[in-house]
Amino acid sequence: MSPEVYKLVHVAGILMVFMSLGGLALHAINGGTKDSNGGRRLTTMTYGIGLFLILLGGFGWLGAAGMMSAGMPGWTWAKLGIWMAVGALLALPTVKPELSRLVWIVAPLLGVLGAWIARAKPF
Ligand code: HEM
């Protein structure tokens, strides 16, 4: 598959993850709980599939664009760290609803950092 296809897969995953995170955070900000969230299954499934697509698209892109020839580039480790942090944010609105507003601010910042790292490849 061409890098362009993997790019679309990567971006689709990013959209799914951040959309779900926003939904979960807003639900918690509005005083909602795990039990009162009628869309919980939908959001957690979208989140999980999105996280998987980010990895599939990211590593597929690296491979298809020939960027893995000398092993994993340094900047991809940082992106993996961001991926894990974004994945961990899933539980926060449910476990610590008082931090949901923080999640609302931190999530897009992590997204921008991920985009910047991919463009600038600083290490
Ligand atoms: C939540 C985590 C992540 C976010 C938000 C994210 C975001 C992005 C965005 C927005 C771009 C497009 C940059 C541009 O072309 O302007 C991009 C590119 C890319 N990302 Fe990610 N990414 C994440 C995780 C990962 C992971 C885990 C990998 C795996 C290695 C990865 C590999 C790549 C690659 C290879 C590119 C293309 C770089 C290039 O054009 O040379 N990303 N990412």
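Tabulated data for the structure shown
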quantity	calculated
The listed residue being over 14 Å from the mean Cα position of the chain (by Cα), in contact (Cβ under 8 Å) with a residue 40 or more places away in the chain and under 26 Å from Gly32 (Cβ atoms), out of Pro73, Pro97	Pro97
Failed item, numbered, when Lys121 is tested on (1) on the phi > 0 side of the Ramachandran plot; (2) buried (at least 18 other Cβ atoms within 10 Å of the Cβ)	(2)
Leu80 vs. criteria assigned to a helix (DSSP H, G or I), surrounded by fewer than 18 Cβ atoms within 10 Å (Cβ to Cβ), on the phi < 0 side of the Ramachandran plot and without any contact (Cβ under 8 Å) to a residue 24 or more places away in the chain	yes
Thr94 vs. criteria in contact with a Leu (Cβ under 6 Å, 6 or more places away or on another chain) and under 18 Å from Gly22 (Cα atoms)	no
Matching option when the condition is buried (at least 17 other Cβ atoms within 10 Å of the Cβ), at pLDDT 95 or above and within 14 Å of the ligand (Cβ to nearest atom), among Val11, Val17, Val5, Val112	Val17
Segment 40-59 - residue that is closer than 22 Å to Phe123 by Cβ and buried (at least 19 other Cβ atoms within 10 Å of the Cβ) and, of those, nearest to the ligand (Cβ to nearest atom)	Gly58
Residues of segment 20-39 classified as among the acidic types (Asp, Glu) and either crowded, with 18+ Cβ neighbours inside 10 Å or in contact (Cβ under 8 Å) with a residue 60 or more places away in the chain (or both), total	0
Verdict on Ala115 being over 14 Å from Val17 (Cβ atoms), within 14 Å of the chain's Cα centre (by Cα) and part of a helix (DSSP H, G or I)	no
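Per-residue answers, yes or no, for (1) closer than 30 Å to Met1 by Cα; (2) small (Gly, Ala, Ser); (3) modelled with pLDDT of 95 or more:
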| residue | (1), (2), (3) |
| --- | --- |
| Met67 | yes, no, no |
| Ala78 | yes, yes, yes |
| Ala85 | yes, yes, yes |
| Thr94 | no, no, no |
| Glu98 | no, no, yes |
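The values are calculated or read from the model by the stated rules, or taken from the named source; none is laboratory data. Quantities reported herein were computed from a predicted structural model and do not represent experimental measurements. All Cβ positions, even for glycine, are placed from backbone atoms using ideal geometry, and neighbour counts span all protein chains on display.
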